[in-house]
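Asker: Quick one: the structure is below, questions incoming.
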Amino acid sequence: MAIDPTQPYDDDNIFAKILRGEIPNKTVYEDEWVLAFHDINPQAPEHVLVIPKGRYVSWDDFSAKASDAEIAGFVRAVGHVARAAGMVEPGYRLLANVGQHGHQEVPHLHVHIFAGKPLGPMLMRS
Ligand code: 5GP
């Protein structure tokens, strides 16, 4: 079910549990600002999630409240993960779902990185 991005941060969300080490993950990168790990249900040959270590519900919450250092750390880490995985050439896609229309399911900000094949049009057309 899609989440309400204006709700307070839920410390029991699945990514909070991953950050605390209560649920295992396949880590691809970690630093003081982020954790990056493989999506449990990949939608492309390579599908990595990058999450900030801070308690932010969504891109909306993060962009409004995170410090400049947190934002810089997060953005640089997303670029680093893709670069280190060799995705820059031939390319990759970033996605951050926000709220109901964005179909965000986990209420902790995450950026999806998709790669490994031509990814087709940006959105499904109905
Ligand atoms: P959203 O729709 O919120 O943007 O995407 C949430 C993503 O989290 C989905 O792609 C889903 O497969 C992934 N996910 C949900 N639970 C887990 C989990 O326990 N571990 C991992 N690695 N990914 C998860």
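The values are calculated or read from the model by the stated rules, or taken from the named source; none is laboratory data. These numbers were taken from a predicted model, which means no experiment stands behind them. Note: ideal-geometry Cβ built from the backbone for every residue, glycine included; neighbour counts use all protein chains shown.
Asker: If you check every pair at least six apart or on different chains, which have Cβ atoms under 9 Å apart with a residue in segment 89-116 that is more than 17 Å from PHE37 (Cα to Cα) first and a residue that is small (Gly, Ala, Ser) and part of a strand (DSSP E or B) second?
Answerer: PRO90/ALA115; GLY91/ALA115
Asker: Could you check ASN41 against (1) touching a helix residue (DSSP H, G or I) at 6+ places or on another chain (Cβ under 9 Å); (2) near the ligand (Cβ under 8 Å from one of its atoms); (3) at pLDDT 95 or above and say which number it fails?
Answerer: All conditions are met except number (1).
Asker: For segment 113-125, name all the residues that are surrounded by fewer than 17 Cβ atoms within 10 Å (Cβ to Cβ) and either of a type outside the set (A, V, I, L, M) or not in a loop (DSSP other than H, G, I, E, B) (or both).
Answerer: GLY116, LYS117, PRO118, GLY120, PRO121, ARG125 - these are the residues of segment 113-125 that are surrounded by fewer than 17 Cβ atoms within 10 Å (Cβ to Cβ) and either of a type outside the set (A, V, I, L, M) or not in a loop (DSSP other than H, G, I, E, B) (or both).
Asker: In segment 85-98, what residues are farther than 15 Å from TYR56 by Cβ and in contact with a strand residue (DSSP E or B) (Cβ under 7 Å, 6 or more places away or on another chain)?
Answerer: ALA85, MET87, TYR92, ARG93, LEU94, LEU95
Asker: Now for a separate question. Please state which one of GLY73, GLY79, GLY86 is part of a loop (DSSP other than H, G, I, E, B) and more than 16 Å from the ligand (Cβ to nearest atom).
Answerer: Exactly one residue qualifies, and that residue is GLY86.
Asker: Name the residue, out of GLY91, GLY99, that is within 16 Å of the ligand (Cβ to nearest atom) and at positive phi.
Answerer: GLY99
Asker: Need at least 2 residues that are in contact with a Lys or Arg (Cβ under 9 Å, 6 or more places away or on another chain) and without any contact (Cβ under 8 Å) to a residue 40 or more places away in the chain per element, so show me which strands (runs of 3 or more DSSP E) inside segment 15-69 make the cut, counting only ones lying wholly within it.
Answerer: In segment 15-69, 34-38 are the strands (runs of 3 or more DSSP E) which contain 2 or more residues that are in contact with a Lys or Arg (Cβ under 9 Å, 6 or more places away or on another chain) and without any contact (Cβ under 8 Å) to a residue 40 or more places away in the chain.
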